[in-house]
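The values are calculated or read from the model by the stated rules, or taken from the named source; none is laboratory data. Please read all numbers here as calculations on a predicted model, not as lab measurements. Note: ideal-geometry Cβ built from the backbone for every residue, glycine included; neighbour counts use all protein chains shown. The area values use the complete protein model at the heavy-atom level, side chains included, leaving out ligands, DNA and RNA. Shrake-Rupley method; radii C 1.70, N 1.55, O 1.52, S 1.80 Å.
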Amino acid sequence: MRGTRAQTNTGRKEGVNLNKQQKQKKETTIDSYYSPNGTDGERSANDKPEIPVNWIQAVEELKTQLREAEDNWGKNLKIKISHLETEALELKQENSVLKAKIIQLENEAKEMKDEAKEMKDEIKRMKDNLQRNSDQKEKDDQKAKDEIQSLRTRVKQLESSDLTRQQDTIKQNKKNEKFEENVKHLIHKTDDLENRSRRDNLRIIGLPEDHDKRKSLDIILEEIIQENCPEIVEQEGKVEIERIHRSPPVFNPQQTTPRNVIAKFKNNQIKEQVLQAAKKKPFRYHGNMVRITQDLSASTLKVRKAWNIIFRKARELGLQPRIKYPSKLTIFLQGKVWSSSCFLNYP
């Protein structure tokens with residue numbers, strides 16, 4: 001469009017120059033026609049016809065108007081040429097700006113093309129990665145399926161073996177319960193046998209250790225019996241002791257209480273008389289209080305020891321507590337004698 005405008009302006013300029021030349025030729029012809037000297041092809045003065053004065057004035061006025069029109073036209077032409085040159089300069093500047101924009105757009109298009117290529121490469125890499133990940137996921141899924149199937153098989157096997165193990169465990173538990181019952185029975189029988197083997201024994205508690213240095217234990221026991229229940233000695237005569245010793249046999253210097261003394265009587269009747277007398281009143285020896293009880297096995301003593309707190313509380317309440325052989329606690333309540341086996345069912 002700008003090229004067409006430039007061509008139009010050039011055509012206008014050439015048309016103006018042509019009209020100017022034709023007008024100058026015409027003026028020259030008229031001037032020469034009225035010239036007194038004349039030129040080639042012009043009429044001489046003698047041949048010149050008579051022209052009215054008003055015509056001549058009209059011609060002069062016309063010439064003056066033509067010159068003014070020519071001057072105005074020239075001025076206008078110069079102004080238009082100046083405008084055209086300004087427009088051409090502006091068009092040139094716009095053209096340079098457009099060229100710069102075109103170059104910038106070309107550079108941007110090149111950058112966009114490079115970015116598009118990079119994006120295409122990135123998309124291709126992402127597509128390859130997705131394909132690899134998809135393939136790996138399929139492999140992992142298949143591996144997981146195989147492992148799950150293997151685990152199911154193992155679970156079934158374990159369930160089957162567990163059922164067998166449970167059945168075996170039930171059988172074994174029944175056997176163990178039977179063994180435990182047998183062991184308890186054997187322990188009870190053993191305790192009973194041990195207690196029966198100790199039926200002729202008495203346990204002396206609280207006898208100081210220093211007495212052993214002055215006298216033997218059998219003499220000390222005879223003196224205890226003579227001091228606390230002389231009627232037994234008078235009736236039965238000499239008290240015969242089969243064996244007497246401290247328990248435990250080794251003295252522990254860190255122990256504050258004296259060791260117990262265990263004495264085995266040859267005559268069971270004398271042992272029972274001494275035991276019954278000890279239940280009626282506390283025994284003393286040289287001012288020291290000693291306690292005499294039936295000698296029992298360690299397990300029976302442990303069970304009896306568990307009754308101590310209840311025994312003392314029942315005594316405070318006046319329930320007349322007693323511990324019967326081997327380790328049964330009895331109390332007198334509401335006119336009846338209650339044993340430890342009844343306490344378990346008592347509301």
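Per-structure values
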| read-out | value |
| --- | --- |
| Filtered residue count, the range 219-248, keeping only those that are over 19 Å from residue 278 (Cα atoms) and either in a helix (DSSP H, G or I) or open to solvent by 60 Å² or more (accessible area, probe 1.4 Å) (or both) | 4 |
| Subset tally (residues that are touching an Asp or Glu at 6+ places or on another chain (Cβ under 9 Å) and of a type in the set (A, V, I, L, M)) for the range 262-297 | 5 |
| Matching residues, the range 191-218, being touching a residue at least 60 places away in the same chain (Cβ under 8 Å) and not in a loop (DSSP other than H, G, I, E, B) | 191, 192, 194, 195, 201, 202, 203, 204, 205, 211 |
| Any chance residue 197 is small (Gly, Ala, Ser), loosely packed, with under 15 Cβ neighbours inside 10 Å and more than 30 Å from residue 328 (Cβ to Cβ) | no |
| Residue satisfying condition, being open to solvent by 100 Å² or more (accessible area, probe 1.4 Å) and under 31 Å from the mean Cα position of the chain (by Cα), within set 159, 138, 181 | 138 |
| Neighbours by Cβ (under 9 Å, 6+ apart or cross-chain): first from the range 268-284, open to solvent by 20 Å² or more (accessible area, probe 1.4 Å); second charged (D, E, K, R) and assigned to a helix (DSSP H, G or I) | 269/236; 273/231; 273/236; 284/227 |
| Some residue of the range 306-317 being modelled with pLDDT under 75 and either closer than 19 Å to residue 276 by Cα or surrounded by 11 or more Cβ atoms within 10 Å (Cβ to Cβ) (or both) | no |
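Yes/no matrix, rows are residues, columns are (1) over 20 Å from residue 296 (Cα atoms); (2) at pLDDT 90 or above:
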residue: 233; (1), (2): yes, no
residue: 238; (1), (2): yes, no
residue: 245; (1), (2): no, yes
residue: 249; (1), (2): no, no
residue: 254; (1), (2): yes, no
residue: 257; (1), (2): no, no
residue: 263; (1), (2): no, yes
residue: 267; (1), (2): no, no
residue: 273; (1), (2): no, yes
